Amino acid sequence: MIFGLIAQVSVAIGFTKYYFMVSNMKQIRMAIDQVRQDWRMFDDSPAIETIHNYAARGSLATKCYIIIFCAAYLIFSVVPLKQVILDALIPLNESRPKIFIFDVDYSIYGIDALEYYYPTLIHSCFSSMIVLHMIVTVDTFVLVMVEHCCGLFETIGGILKETELEKSGVRQFKIICRAVVVHHRAISLAEFIESSFNMMYAFVVLASMVLISSTGLEAIIKMDEVAEMTRFLTFTVGQLFHLLFISLPGQELLDHSTRVSEQVYSCDWSRISADGRKLISIMLMRSMKPLRMTAGRFYLMNIENYGNVLRTSFSYFTVMLSTR
């Protein structure tokens, strides 16, 4: 029963992410176009180095995420092949018990899973690869968007420091206008991420809690079978990492959007013209309201709440273990 639940919830997470990605495709295209425009806007500016650094961070995190998820997938999927390999290398008088990647009821399609073990095994492998691809694609896209957004917030401080080198009030005003434009573009991108994916994260966080609890329980149940226990422990660790990966961008966005007010405060206000001070005051007031990523607008995606979710998941795990 638990084994079947793991498969169903995992598939539900993958297709939920795919649905929200497809349903927001128009806004996603607009966001990608904005990123292109931002790169062109900073092309001749010293701030381009900051944008490059944050893009590199996003690229590195994406590669690490893909490697870790693929490694977890291989461990989870290859273990069932152990029996097949042993039958080929060290045959017994009878075939060893067949292990399936997921507990799927093929009988509803009139298929005997044991008789057609290899076709069903291949089907399970490809199906799980598709689900994994859906999850990784959406998570890495959001991460790259958030990293670019954080890069925009970070450039604001450097732009405002340029006012200290200018004595002309007109030029200072133009520099502040540029900082306000960058701030507005960063806010627009952050609001796009929040509005497009907050309901998706609501389901994913709740489903992840179920998966962490159920796979942990399955690992305890399979303690006498080392290979199976390792398999489900790997899945549990993968879920913990997945939940951490979707929480980190929210923490970064919160930290960087809050930092803008500190950058504005650090300006030499006495040297800025009256018009410039009025404009920079507007940016200061907006930066006092930090930007957040939420799950359903009720759960903040950050490291603190990541710890709370883990505690709740382990509580469910303890309850399930006691009623086993």
Exercise. Test residue 258 against the criterion of being of a type in the set (S, T, N, Q), surrounded by fewer than 18 Cβ atoms within 10 Å (Cβ to Cβ) and under 24 Å from residue 145 (Cβ atoms), and give yes or no.
Key: yes
Quiz item: Is it the case that the stretch 269-286 has a residue that's under 30 Å from residue 154 (Cα atoms), part of a helix (DSSP H, G or I), among the aromatic types (Phe, Trp, Tyr) and free of Cβ contacts under 8 Å to residues at least 60 places away in the same chain?
Solution: yes
Quiz item: Which one is nearest to residue 7 (Cα to Cα), of the residues in the stretch 67-87 that are of a type in the set (A, V, I, L, M, F, W, C) and surrounded by 14 or more Cβ atoms within 10 Å (Cβ to Cβ)?
Solution: 76
Quiz item: When residues of the stretch 149-164 are filtered for being among the β-branched types (Val, Ile, Thr) and either modelled with pLDDT of 90 or more or touching a Ser or Thr at 6+ places or on another chain (Cβ under 6 Å) (or both), how many remain?
Solution: 2
Practice problem: Have a look at 205, 170, 146, 180 and point out the one that is within 27 Å of residue 237 (Cα to Cα), of a type in the set (A, V, I, L, M) and at pLDDT below 95. | Solution: 205
Exercise. Answer yes if at least one residue in the stretch 246-264 is out of contact with any strand residue (DSSP E or B) (no Cβ under 6 Å at 6 or more places or on another chain) and under 21 Å from residue 7 (Cα atoms), and no otherwise.
Key: yes
Exercise. Could you list all residues from the stretch 148-196 that are of a type in the set (S, T, N, Q), assigned to a helix (DSSP H, G or I) and surrounded by fewer than 17 Cβ atoms within 10 Å (Cβ to Cβ)?
Key: 188, 195
Quiz item: Applying the selection to the stretch 83-99, what residues are within 18 Å of residue 113 (Cβ to Cβ) and either aromatic (Phe, Trp, Tyr) or under 41 Å from the mean Cα position of the chain (by Cα) (or both)?
Solution: 83, 84, 87, 96, 97, 98, 99
Quiz item: Can you tell me which of 294, 323, 312 is of a type in the set (Ser, Thr, Tyr) and modelled with pLDDT of 90 or more?
Solution: 294
Quiz prompt | Residue among 25, 21 that is exposed (fewer than 14 other Cβ atoms within 10 Å of the Cβ), over 30 Å from residue 162 (Cβ atoms) and within 19 Å of the chain's Cα centre (by Cα) | solution = 25
Practice problem: Kindly check whether there is at least one residue in the stretch 245-258 that is in a helix (DSSP H, G or I), within 16 Å of residue 161 (Cβ to Cβ) and modelled with pLDDT of 85 or more. | Solution: no
Quiz item: From the set of residues in the stretch 201-235 that are among the hydroxyl-bearing types (Ser, Thr, Tyr) and within 18 Å of residue 136 (Cβ to Cβ), which is surrounded by the fewest Cβ atoms within 10 Å (Cβ to Cβ)?
Solution: 234
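The values are calculated or read from the model by the stated rules, or taken from the named source; none is laboratory data. These figures come from a predicted structure and were not determined experimentally. Glycine also receives a Cβ, built like all others from the backbone with ideal geometry; neighbour counts cover every protein chain displayed.
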